[in-house]
Amino acid sequence: MATSSADNPLLTIPAIPFYFLRHGETDWNRDGQAQGHTNISLNDSGRTQARRAADAIGSLRVGTVVTSPLSRARETAEIAAETTGLKPLLESRLMEQSFGPNEGKAWQLRWGRGQPPPGSESLSHFEERVISGLAAALSNRPSVIIVGHGGVFRIIGRVLCGIANARCPNGFLMRFDPVPGHGRRWTFCSLMGD
């Protein structure tokens, strides 16, 4: 029996390499506060991180930059895309997980382990939304950079690479590559040093 994309969301994702850039640091990142859908701007460190990522992106052949519309990601994308001459495309499905009334409160480690606080977007809805947004972003070939959030990276890392709690530091650029001959699996690596 054939497997449908409803049964396997990986079937909706083109098996092509792509890049992921996590937004630069905000004051709330620094202070350990949950941001979710709250619009928080980059701080000076975050802008420096975005410029550093722009330097790394300058050596790549990039065709499209797709970003979450939240200000911290959008600003990172705009700074990073300066070297490409591209205008970032907005994709709302790549927004961070909503934490509802818990936004602005201290981040709890257990949230990242599958226990979001009451009033938050469910993990299943968040995953479905992100994978749908990823598939849409990658339809903008060739050579796509996605600018997003830590939670979005965790979903992509888990679904594509099978890594339960994948992490990406603020302002880091990662490359995802499909693994030849291994079905719908990817690997990722950092393109930036510490």
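Values in this text are rule-based calculations from the coordinates and carry no lab data. Note that the structure is a prediction, hence the values are computed from the model and not measured. Don't worry about glycine lacking a Cβ; one is built from the backbone with ideal geometry, like all the others, and counts go over all protein chains shown.
Say we join alpha carbon atoms closer than 10 Å with springs in a Gaussian network model of the chain; which of G157, G181, G133 then has the biggest fluctuation?
G181
Relative contact order (percent) for the stretch 22-109, with alpha-carbon contacts under 8 angstrom and 6 or more residues of separation?
Rounded, it is 38 percent for the stretch 22-109.
Given labels modelled 7 Å from the Cα in the Cβ direction, how far is it in nm from R158 to D177?
Here the modelled spin labels are 2.6 nm apart.
Using a 10 Å cut-off around each Cβ, can you sort W186, W107 from fewest to most neighbouring Cβ atoms?
Ordered by Cβ neighbours within 10 Å, fewest first: W107, W186.
By its C-alpha gyration tensor, with a ≥ b ≥ c as the square roots of the eigenvalues, how is the stretch 22-144 shaped: rounded for a/c under 1.5, else prolate for a/b larger than b/c, else oblate?
Taking the square roots of the gyration eigenvalues as a ≥ b ≥ c, the stretch 22-144 is oblate.
Out of L123, L21, L70, any idea which swings most in a Gaussian network model of the chain, alpha carbons joined below 10 Å?
Highest fluctuation among the options: L123.
Grab the other residues whose beta carbon is less than 12 angstrom from that of G157, score K and R as +1, D and E as -1, and report the net.
The answer is +4.
Would you mind telling me which residue in R52, R61, R158 has the biggest mean-square fluctuation in a Gaussian network model of the chain, where springs connect alpha carbons within a distance under 10 angstrom?
R61
Return a whole-number percent for the relative contact order of the chain, with Cα pairs under 8 Å and 6 or more residues apart as the contact set.
Computed value for the chain: 30 percent relative contact order.
Simple spin-label model, 7 Å along Cα-to-Cβ: N39 to L90 in nm?
Taking the simple label geometry, N39 and L90 are separated by 0.8 nm.
Using the crude model of +1 on Lys and Arg Cβ and -1 on Asp and Glu Cβ, and no other charge, please compute the dipole size for the chain relative to its Cα centre, in debye to 20.
That gives a dipole near 340 debye.
State the antiparallel share, in %, of DSSP beta bridges confined to the stretch 14-190, rounding to the nearest 5.
If we restrict to bridges inside the stretch 14-190, about 50 percent are antiparallel.
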